[in-house]
1. How far, in nm, would the chain grow between residue 208 and residue 72 when pulled straight, counting 0.36 nm per residue and subtracting the alpha carbon separation?
2. Mind pulling the angle between the C-alpha long axis of helix 198-207 and the longest principal axis of the chain? Nearest 10 degrees, somewhere in 0 to 90.
3. Relative to 2.2 N^0.38 Å, what does the C-alpha radius of gyration of segment 114-276 come to as a ratio? Two decimals please.
4. Once amide H atoms are built 1.01 Å from N in the peptide plane, which residues 5 or more positions from residue 139, or in another chain, come under 5 Å H to H?
5. Assign unit charges at the C-beta atoms only (+1 for Lys and Arg, -1 for Asp and Glu), then state the dipole size of segment 1-160 relative to its Cα centre in Debye, rounded to the nearest 20.
6. With angles folded into 0 to 90 degrees, how steeply does helix 12-40 sit against the dominant principal axis of the chain? Use alpha carbons for both and round to 10.
7. On alpha-carbon atoms, Rg over Rh for the chain using Kirkwood Rh?
8. With charges set only on the Cβ (+1 for Lys and Arg, -1 for Asp and Glu), what does the dipole of segment 46-108 come to about its Cα centre, in debye to the nearest 20?
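Please treat every number below as a calculation from the coordinates, not as lab data. What you see is a predicted model, and the numbers here were worked out from it, not measured in a lab. Cβ placement follows ideal geometry from the backbone for every residue including glycine, while neighbour counts extend to all protein chains displayed.
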Amino acid sequence: MKSPFIQFLLSRIFWKNVLIALSITVGLVILVQISLYFYTGHGKKIKVPDFTGMSLQQVNRLCAENNIKWVIQDSTYFEESPRGAVLDQYPEPGAGIKKNRKIFLITNCWFPQIIKMPKAFDMPYRQAERVLASAGLRIANIEYIPHFAPTYVLGQKFDGRAISEGSNIAKGSGITLVVGMGLSNELAPVPSLLNISRETARILAMNSYFNLGAVKYDSTVTNARDSMQAKVFRQFPDVKTQSKLGTSIDIWLTIDSLIIKKMDSTNIVNDTLFKDSNLIP
């Protein structure tokens with residue numbers, strides 16, 4: 001004879017209550033999942049806009065339209081950009097985020113910090129570059145003069161005039177370094193500045209002991225934001241030529257992706273022909 005407990009476990013009433021309890025549990029789980037889905041926006045992502053070059057008013061309006069928030073993470077001074085404009089951001093443009101997430105911005109200062117000018121001469125160029133960078137300054141231009149020591153820094157200038165160590169200067173300002181070019185007409189290979197931004201082109205030119213010359217934009221560039229996003233599609237002197245130290249390299253920029261793509265294809269063909277020509281005895 002079965003015990004009352006076993007009989008209860010085998011009864012219809014017990015299994016009916018078990019099924020009801022399971023149904024309620026499953027229903028609650030599904031309800032919670034659906035609630036979380038709509039509350040957190042699970043599976044729905046917003047494409048991060050490109051805020052580069054925008055004012056904070058424009059950023060605020062665009063963020064409100066896309067249900068995202070923004071916060072200024074840091075500010076620096078860049079004299080060629082509008083005061084208060086966005087210089088950089090995280091996450092990067094095009095990244096996918098959920099609504100109400102924060103975008104961290106780096107903006108251009110309204111009022112730059114005043115610092116003391118360091119001594120960035122009587123030393124090799126690379127050392128002077130590090131001295132200026134550690135002080136929050138940048139190299140805006142290189143002025144070459146005949147001197148027996150190539151790439152040795154002989155002086156420093158700001159706004160066309162010599163600036164002495166300890167002088168007041170705005171953090172982020174561009175400094176001109178007076179650099180020796182040797183006593184002969186020493187030549188150096190012209191670097192490729194293609195498919196990069198204006199500021200990157202300036203830095204790359206100087207790191208190769210050249211200067212950035214004329215900067216020209218095509219008709220696709222119509223405002224400050226476009227100019228910050230534009231890429232170099234032509235330069236003079238051309239790549240793979242040689243020129244004197246300190247020569248200015250003129251560049252042309254565009255935001256037309258078709259021009260950039262065509263330029264990339266041409267470069268691949270030219271590089272292949274150049275490499276193959278080196279194999280010919």
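1. Stretched fully, the residue 208-residue 72 segment lengthens by 45.5 nm.
2. 50 degrees
3. 1.15
4. Amide H to amide H, under 5 Å and 5 or more residues apart or across chains, residue 139 pairs with 175.
5. Approximately 1260 debye in magnitude.
6. It is inclined by approximately 20 degrees.
7. 1.29
8. 500 debye
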